[in-house]
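Take a look at the structure below.
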Amino acid sequence: MALDRKVGLLEGLRYKGGGPMLAWILHRISGLAMIIFVSLHVVAAFLTQQMGSDLGITLNIIYQSLYFQLFIFFCVIFHTVNGLRIIVLDIWPKLIRYQKESTWLEWFIIIPVYGLAVLIMIRRFLAG
Amino acid sequence: MRSREIPRPSWNLEYLMWLFTRLSGISIAVLAVLAFTAALIMGARNQMDFETLLRWTFFPNPSHVLDSEIPDVTAGWANGFWQITQILIAFFGATHGFNGLRVVVEDYTNPGFWQMTLRLVVFLLWIFTSLIAVYVILGS
C-alpha cells in the first residue's frame, strides 16, 4: 500500500502542499522527537533512581541546555496547537474548506506563545 | 465529481485509536493546564524559574522542581494526587505516542512480515516504557 505510490523524494519535495503540508510534516517530526525524548528520559530516570547510574545525569545536562529546551518546547507547543486544530476540523468537517486559513490561525497562536518563552529563556541565559 | 463515500465508523482498532488519540491529546492538555495553574497557586511565581515551571507543567513530578526555592517539596508538590496525575499523563502520553509511531511505521512499510515485526517492536516498547514510567513515578 504505502510504498506503491511510486513517488520519489525529489517529487515529494516539489509537491506544493503549502501550510497544511508543513503542519503535517512538523506534526510528525515533533511527535517523533517527543517520543524519543520522553522514552530516553524515563529510562534514564529509572536507571538513576533505582541503580544509581550516571546516565540519567549525563542526559539531564543535555536536556537542561538552552538549545535543547528551545527545540523541545517548540515541539510541544506546535504539536499541542496543531493537534487541537486537527480535533476542531474533525468535529466540524465543514471547516476543512478553510484548512489553509486554519494553519495561519495556528501560527498566530504559536508565534506569540513560543516567542514569549524564547525571550524569557534567552534573557535568563544571557544573564547567566 | 462525486464526493468519496465514507464508511460508517465501526469499533475496530483503527477507529478506537483514532478516537483515543483525540481524547488523550485533549486530556494531556487539560492535565498540563491543571498542573500549571496549581503550581502558580502554590507559589511558583516566587519560588522557581520559568524552565522549572515548564518541567512541572509537562510532568508534575517532585524531582522536576527540586532545583528551585521551594522550602519543602513534600508539602503540596509530592503526594498521591500528583502521582495519579502523573500516571494518567504517562499512560495517555505513551499510548498516544507509540500509537503515532505505529501509524508512521505503517505509512512507510508494506503489509507483511517486516510490518508485523515493527508493530510488535512498537507494542513491546509501549509496554516497557509504560511499566518503567509507573515504577519511576511510584518511586519518586
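Bear in mind these aren't lab numbers, they're just calculated from the coordinates by the rules spelled out. Since the model is a prediction, treat every value here as computed from it, not as a measurement. Glycine also receives a Cβ, built like all others from the backbone with ideal geometry; neighbour counts cover every protein chain displayed.
Stokes-Einstein diffusion coefficient for the stretch B:41-140 at 20 °C in a medium of 1.002 mPa s, Rh from the Kirkwood formula over Cα pairs: what value in µm²/s?
138
Check each of the chymotrypsin sites (Phe, Trp or Tyr not before Pro) in the stretch B:9-66 and keep only those in coil by DSSP with at most 13 other C-beta atoms within 10 angstrom; list them in order.
Values: sites: B:11, B:15, B:18, B:20, B:36, B:50, B:56, B:58; in loops: B:11.
Here the sparse-neighbourhood loop sites are B:11.
Given 10 °C and 1.306 mPa s, how large is the Stokes-Einstein diffusion coefficient of the stretch A:7-128 in µm²/s, with Rh as the Kirkwood radius over Cα pairs?
Values: Rh = 16.9 Å.
Translational diffusion coefficient: 94 µm²/s.
To the nearest Å, what is the center-to-center distance of the stretch B:48-117 and the stretch A:104-124, using C-alpha atoms only?
With the stretch B:48-117 and the stretch A:104-124 each reduced to a Cα centre, they are spaced 22 Å.
When the scattering of the protein assembly as shown is computed by the Debye formula from its Cα atoms alone, each counted once and equally, what is log10 I(q)/I(0) at q = 0.11 Å⁻¹?
-0.73
What's the average, rounded to a whole number, of partner chain beta-carbon atoms within 10 Å of each residue's beta-carbon in A:22-32? Provide the component values of the computation, followed by the final result.
On the way: counts 0, 0, 0, 0, 0, 1, 4, 0, 0, 6, 4.
That average works out to 1.
What distance in nm separates the two pseudo spin-label positions at residue A:108 and residue B:118, each 7 Å out from Cα along the beta-carbon direction?
3.9
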